[in-house]
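Every number in this text was worked out from the coordinates using simple rules, so none of it is lab data. Here the structure is a predicted model, which means the values were calculated and not measured. Cβ: placed from backbone, ideal geometry, glycine included. Neighbour counts: every protein chain shown.
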Ligand code: MD6
Ligand code: FE
């Protein structure tokens with residue numbers, strides 16, 4: 001089922017349980033090579049999510065700023081983006097272009113993500129695709145400028161969101177996660193994957 005909320009295309013239950021499980025298995029492999037880290041914003045505040053990435057570039061933040069980087073903070077290169085994840089990107093966007101980055105955000109109990117824009121990429125005509133796995137999360141969508149009305153929906157495990165067109169630069173965030181609401185991840189929690197084209201160069 002697809003719905004559109006404020007320009008965000010939301011594909012409810014896009015992945016069935018078996019597809020979710022095999023994606024989580026693939027992600028365990030990725031995370032064994034590129035472990036989750038707790039990022040620190042340039043202001044010195046630790047973020048509540050833990051982060052890693054796959055692909056040619058990962059998004060990182062530390063005291064010196066935030067940026068796309070071709071290596072994990074520990075120095076290793078990022079693992080390849082698993083095929084089943086790439087296949088979601090190609091199917092929902094209809095694009096041949098492969099994304100440069102699959103950002104992996106892990107939400108434990110109490111983690112959230114403040115309202116933000118995704119604007120560190122070179123070309124905003126490419127969409128951003130997000131995949132939710134595990135616990136339910138309250139996703140808030142706003143406007144291309146800060147403030148104004150917002151609208152929230154619950155994202156459940158297996159849901160896919162495409163942020164393109166006018167919504168590409170809209171503010172959005174995760175207000176809260178219902179800890180333990182999904183049995184997918186052994187110890188609870190939520191994984192969100194965002195797939196992005198970072199630069200137009202090939
Ligand atoms: C999340 N998602 O769902 C946070 N960004 O945990 C995002 O920040 C996001 O869902 C760009 C496009 C879609 C998203
Ligand atoms: Fe985002």
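Against the criterion of being away from ligand 2 (no atom under 16 Å from the Cβ) and surrounded by 16 or more Cβ atoms within 10 Å (Cβ to Cβ), residue 105 does not qualify.
So, residue 65, is that one exposed (fewer than 15 other Cβ atoms within 10 Å of the Cβ), at positive phi and more than 13 Å from ligand 1 (Cβ to nearest atom) or not? Here the answer is yes, as residue 65 does meet what is asked.
Taking the criterion of being part of a strand (DSSP E or B), out of contact with any helix residue (DSSP H, G or I) (no Cβ under 6 Å at 6 or more places or on another chain) and touching a residue at least 40 places away in the same chain (Cβ under 8 Å), the residues of the stretch 53-76 that qualify are 53, 55, 58, 59, 66, 67, 68. A search for C-beta distances below 6 Å between a residue of the stretch 111-123 that is over 22 Å from residue 97 (Cα atoms) and any residue that is assigned to a loop (DSSP other than H, G, I, E, B) and within 9 Å of ligand 1 (Cβ to nearest atom), counting only pairs 6+ apart in sequence or on different chains, returns 111/49. Residues that are touching a helix residue (DSSP H, G or I) at 6+ places or on another chain (Cβ under 7 Å) and over 21 Å from residue 139 (Cα atoms) do occur in the stretch 25-37, at least one of them.
Which residue is farthest from the chain's Cα centre (by Cα), if the candidates are limited to the stretch 141-175 and must be assigned to a strand (DSSP E or B) and more than 10 Å from ligand 1 (Cβ to nearest atom)? Here the answer is 151. Of all the residues in the stretch 154-172, those that are within 12 Å of ligand 2 (Cβ to nearest atom) and surrounded by fewer than 18 Cβ atoms within 10 Å (Cβ to Cβ) number 1.
Screening residue 79 with (1) within 14 Å of ligand 2 (Cβ to nearest atom); (2) assigned to a loop (DSSP other than H, G, I, E, B) gives one miss only, at (1). In a residue-by-residue description of the stretch 99-119, the property of being under 21 Å from residue 30 (Cβ atoms) and away from ligand 1 (no atom under 13 Å from the Cβ) applies to at least one position. Scanning the stretch 115-140 for residues that are part of a strand (DSSP E or B) and more than 14 Å from ligand 2 (Cβ to nearest atom) returns 133, 134, 138.
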